[in-house]
Amino acid sequence: QVRLVESGGGLVQAGGSLRLSCAASGGIFSMKPMDWYRQAPGKQRELVASITSGRSTNYADSVKGRFTISRDNAKNTVYLQMNSLKPEDTAVYYCRTTESSLHTINVYWGQGTQVTVSS
């Protein structure tokens, strides 16, 4: 069973920075793709950033140039460095991964961490 625990959220002023962490246990972390999603009140959960086992990355247009996803396989942790934060970035941020078998794909989510950006 894969377990994901996010941390690092908080309150920050517009233009500030935060670094989110997602600690993973279970499975082979180095082989797992990892994603960061966010969900603002009244809105759908959206994909923010992804990183593959080969460290290929992808970002939502809204965060390109401001956010950076990275991973430290030795620590079983994925990070989301968030710079130049905007009030529109306010959301609960979730870490996600998948684990595949012959006939199933299991999706695992963390509990989320709140990011609030004040104007």
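The values are calculated or read from the model by the stated rules, or taken from the named source; none is laboratory data. Quick caveat, the model's predicted, so the values are computed rather than measured. Please note: Cβ atoms are built from the backbone with ideal geometry, for glycine as well, and neighbour counts cover all protein chains shown. Please note that ligands, DNA and RNA were not included when accessible areas were found on the heavy atoms of the full protein model with its side chains. Shrake-Rupley method; radii C 1.70, N 1.55, O 1.52, S 1.80 Å.
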Report task. Would you please name the residue that is farthest from LEU85 (Cα to Cα), looking only at residues in region 37-54 that are without any contact (Cβ under 8 Å) to a residue 24 or more places away in the chain and within 14 Å of the chain's Cα centre (by Cα)? Result -> THR52
Report task. Could you please tell me which pairs satisfy a Cβ distance under 6 Å, a separation of 6+ or placement on different chains, a first residue in region 11-36 that is farther than 25 Å from ASP89 by Cβ, and a second residue that is part of a loop (DSSP other than H, G, I, E, B)? Result -> GLY26/GLN1; GLY26/VAL2; GLY27/VAL2; PHE29/ASN76; MET31/SER53
Report summary line: When ARG38 is run through (1) in a strand (DSSP E or B); (2) basic (Lys, Arg); (3) open to solvent by 20 Å² or more (accessible area, probe 1.4 Å), the failure sits at (3)
Query raised in the report: Is one or more of the residues making up region 70-79 of a type in the set (Ser, Thr, Tyr), at negative phi and open to solvent by 60 Å² or more (accessible area, probe 1.4 Å)?
Result: no
**Report entry** Condition broken by ILE28, with the remaining ones in (1) at pLDDT below 95; (2) of a type in the set (A, V, I, L, M, F, W, C); (3) within 14 Å of TYR79 (Cα to Cα) satisfied
**Finding:** (3)
Query raised in the report: Looking at (1) of a type outside the set (S, T, N, Q); (2) open to solvent by 40 Å² or more (accessible area, probe 1.4 Å); (3) within 15 Å of VAL115 (Cα to Cα), can you tell me which one GLY65 breaks?
Result: (3)
**Report entry** Subset tally (residues that are without any contact (Cβ under 8 Å) to a residue 40 or more places away in the chain and either in a loop (DSSP other than H, G, I, E, B) or under 20 Å from LEU11 (Cβ atoms) (or both)) for region 100-119
**Finding:** 4
Query - Index of the failed condition, THR97 passing every other in (1) over 11 Å from TRP36 (Cα atoms); (2) assigned to a strand (DSSP E or B) - result: (1)
Report summary line: Residues in region 85-106 that are open to solvent by less than 60 Å² (accessible area, probe 1.4 Å) and not acidic (Asp, Glu) total 11
Query raised in the report: Can you tell me which residues in region 8-18 are surrounded by 14 or more Cβ atoms within 10 Å (Cβ to Cβ) and out of contact with any Lys or Arg (no Cβ under 9 Å at 6 or more places or on another chain)?
Result: GLY9, VAL12, GLY16, LEU18
